[in-house]
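Here's the structure we're looking at; comments come further down.
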Amino acid sequence: MSASVKINNVCKEFIAGSSRRGIPTVHRVLDNISLDINPGETTTIIGPSGSGKSTLLLCVAGLESYTGKIEVDGHCIAGPRPDIATVFQAPHLLPWRTTLANVEYGLELQRVPPMERKQRAERLLELVGLTSARNLYPAQLSGGMQQRANIARALAVEPHLLLMDEPFGALDAITKEYLQEEFQALVARQQVTTVFITHDIAEAIYLGNRVVVLSANPGRVLLEQTVEEPRPRPLEWKQSESFQKLSARLWQALRVA
Amino acid sequence: MTMMVRGNDKENHHAMLYGSVLENMATTETHEQDGFEMATDPTTAPVRRGRVLGPNVFGGARSPGTLVSRSISVASILVVLAAWQVFSSTGLVNQNLASSPWGVVQSFRFLIDKGILGGAIAASAELFGVGLGLAILIGAFGGVAIGWWRVVGSIFEPWIAILYSMPIIALLPLILVWFGIAFRSEVIMVVLISVFPVLVGVIAGTRNVDPMLIRLARSFCGRELAVMRTVVVPSLVPYFIAGVRISIGSALVGVVVSEYFLGNSGIGGLIVTAGENLQSGQVFVGVTILAVSAVLMTTLLRRIERYIGRWQVK
């Protein structure tokens, strides 16, 4: 259940200003992005703000229009697909649903029968350690727990491709590391292809089989860096020399981005 | 959370009436990023449980639950009733014009014995039920349609702005001329007076649906109807209930006005007739019934709101 992704010469432009007064200004966000993502791999995309990394993710999710070609498992992306799940930065849980019902939500929209829906959601809750919070409402959960529920909801639909848009960006440092460790182990075990957007160099290296550095205004691929370290990776690896070396290289690349 | 209420001033004003609802909603969004101590194990995580928020009957009072403030409220009513009785019995005020608590009780008995009161209540309740029911149906469905589809909004919003700003009672002679003295005219009046709070509330609610939740639903391939059912409808419920709360009051106004002018029936008719005959006690019976039913209905509605909104944990 892991998809390959081919991104070919993808461009994205926003038109700013009204056409009523002269020529509208065209703002190019993504400039000829080409990436090949292998099945089961986690690709982290890092770049300064304005590099269009979130926009790229939305294009792959089928939630934004684009020019060029994006293929997931050979299917051209022209809209949301049931085998792709997206995790946004904010948890976006439905506040009136319990944790369990929230995790079932994606399955419900994809018309999975109630019994199966519940079973799959229960299993995912266990996987992310939220079983005891199954009947709580989002307002009763901490930020970290909400984000786990968000990830569980995405994984519940058994996606072939998981798109993550800075999911740990708003969490405190300790919760973040904890979730990073759990998440990379989980994704490695489930063999799901993952595209992970971040602006955190350490997170990009720790989670990724490959790190893609984008430049800003417009977003271009500046560097593709393979991370050889096998998964699952212990958190201690972040202190190692090989990690530091990668970190220094990416830092250099981002300075000119 | 900043609540953005788009649209004209009327809507903004309306949103202000919803203060309590908006506050309730705001409190649900304050716990987003404070997950440090709870990130380890949910079983040991402290979880906030709390009373579900809800405005109380007496608007401003902050702690309705305490025995002291409750006692003061009850005492307040008793003192006024006692003073009324004393002034009236001692002849300080004209008993025929002002009546008295005891006089009201006697009028109540009289109206029941004559079999007038039951019929009046039934007539008013029917008018109220049919009128408010229609208003809620129109308000709910119309509000979602107007709030969701821009074209529908552009068509109806100017009319809503005009009608909601003007005193609907001014239309009463026209309704009388067009539809005559009949139940349907009364119903039309009640609907016209009470439809707008629900309608405007539901419109505002539909437009305030979190666009991120809609994007989320779409990312899971949710179809438009499923998005409506699972995202739009649940998130506008607080707006809907706040609208219904105001509409209940408006519908009662509508009932009384229609009965005064269009039918001389029901509780409104009873009050007018009693007033014309200088039967102050009977007027108070009618007024008391209106007041009690209004309070009962708002209390019931708050119960419902508390049950539906139990996810809004403090």
Inset, instruction - Within the stretch B:97-117, work out how many residues are in contact with a helix residue (DSSP H, G or I) (Cβ under 7 Å, 6 or more places away or on another chain), part of a helix (DSSP H, G or I) and of a type outside the set (A, V, I, L, M, F, W, C). - result: 4
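Does B:SER69 satisfy the condition of being over 30 Å from B:GLU186 (Cβ atoms) and open to solvent by less than 90 Å² (accessible area, probe 1.4 Å)? Outline the logic, then answer.
On the way: over 30 Å from B:GLU186 (Cβ atoms): yes; open to solvent by less than 90 Å² (accessible area, probe 1.4 Å): yes.
The answer is yes for B:SER69.
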Inset, instruction - Quick one: A:ILE151 ticks every box in (1) surrounded by fewer than 24 Cβ atoms within 10 Å (Cβ to Cβ); (2) under 18 Å from the mean Cα position of the chain (by Cα) except a single one, so which number is it? - result: (1)
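For (1) of a type in the set (Phe, Trp, Tyr); (2) closer than 27 Å to B:GLU305 by Cα; (3) in contact (Cβ under 8 Å) with a residue 40 or more places away in the chain; (4) out of contact with any Pro (no Cβ under 8 Å at 6 or more places or on another chain), each residue gets a yes or a no:
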residue	(1), (2), (3), (4)
B:ILE169	no, no, yes, yes
B:ARG215	no, no, no, yes
B:PHE220	yes, no, no, no
B:GLU224	no, yes, no, yes
B:LEU236	no, yes, yes, yes
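Somewhere in the stretch A:15-24, is a residue outside any loop (DSSP other than H, G, I, E, B) and either at pLDDT below 90 or away from every other protein chain (no Cβ under 14 Å) (or both)? Give the derivation first.
Residues of the stretch A:15-24 that are outside any loop (DSSP other than H, G, I, E, B), as a first pass: A:15-16.
Now restrict to residues that are either at pLDDT below 90 or away from every other protein chain (no Cβ under 14 Å) (or both): A:15-16.
Yes, some residue in the stretch A:15-24 is outside any loop (DSSP other than H, G, I, E, B) and either at pLDDT below 90 or away from every other protein chain (no Cβ under 14 Å) (or both).
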Legend entry - Subset of the stretch A:178-200 (residues that are open to solvent by 10 Å² or more (accessible area, probe 1.4 Å), within 12 Å of chain B (Cβ to nearest Cβ) and modelled with pLDDT of 90 or more): A:GLU181
Legend entry - Among (1) crowded, with 20+ Cβ neighbours inside 10 Å; (2) facing another protein chain (nearest Cβ under 9 Å); (3) in a helix (DSSP H, G or I), the one test that A:PRO91 misses: (3)
Inset, instruction - Could you check, for the stretch B:277-288, whether at least one of its residues is more than 12 Å from every other protein chain (Cβ to nearest Cβ) and closer than 23 Å to A:PRO138 by Cα? - result: no
Legend entry - Selection from the stretch B:216-250 of residues that are farther than 24 Å from B:ILE136 by Cβ, crowded, with 19+ Cβ neighbours inside 10 Å and basic (Lys, Arg): B:ARG218
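Test A:ARG220 against the stated conditions and say whether it is touching a residue at least 60 places away in the same chain (Cβ under 8 Å) and of a type in the set (Lys, Arg).
Details: touching a residue at least 60 places away in the same chain (Cβ under 8 Å): yes; of a type in the set (Lys, Arg): yes.
Yes; evaluated as a whole, the condition is true for this residue.
Which count do you get for residues in the stretch A:166-177 that are among the small types (Gly, Ala, Ser) and either open to solvent by less than 30 Å² (accessible area, probe 1.4 Å) or not in a helix (DSSP H, G or I) (or both)? So that I can check it myself, show each step before the final result.
At the first step, the residues of the stretch A:166-177 found to be among the small types (Gly, Ala, Ser) are A:169-170, A:173.
From the residues that got through so far, the ones that are either open to solvent by less than 30 Å² (accessible area, probe 1.4 Å) or not in a helix (DSSP H, G or I) (or both) too are A:169-170.
Adding up the residues that qualify gives 2.
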Legend entry - Failed item in (1) touching a residue at least 12 places away in the same chain (Cβ under 8 Å); (2) open to solvent by 10 Å² or more (accessible area, probe 1.4 Å); (3) out of contact with any Gly (no Cβ under 7 Å at 6 or more places or on another chain), with A:PRO159 passing the rest: (2)
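State which residue is most open to solvent (accessible area, probe 1.4 Å) when the search covers only the stretch A:102-118 and only residues that are out of contact with any Ser or Thr (no Cβ under 9 Å at 6 or more places or on another chain) and at the interface with another protein chain (Cβ under 10 Å from one of its Cβ atoms).
Pass one, the stretch A:102-118, residues out of contact with any Ser or Thr (no Cβ under 9 Å at 6 or more places or on another chain): A:102-104, A:107, A:110-118.
Retained after the next criterion (residues that are at the interface with another protein chain (Cβ under 10 Å from one of its Cβ atoms)): A:107, A:110-111.
Details: A:LEU107: 1, A:GLN110: 48, A:ARG111: 165 Å².
In this case the residue turns out to be A:ARG111.
The values are calculated or read from the model by the stated rules, or taken from the named source; none is laboratory data. The structure presented is a predicted model; accordingly, all values stated were derived computationally and were not measured. In this analysis, Cβ positions are derived from the backbone assuming ideal geometry, glycine residues included, and neighbour counts consider all displayed protein chains. Side chains included, ligands, DNA and RNA excluded: accessible areas come from the protein's heavy atoms. Shrake-Rupley method; radii C 1.70, N 1.55, O 1.52, S 1.80 Å.
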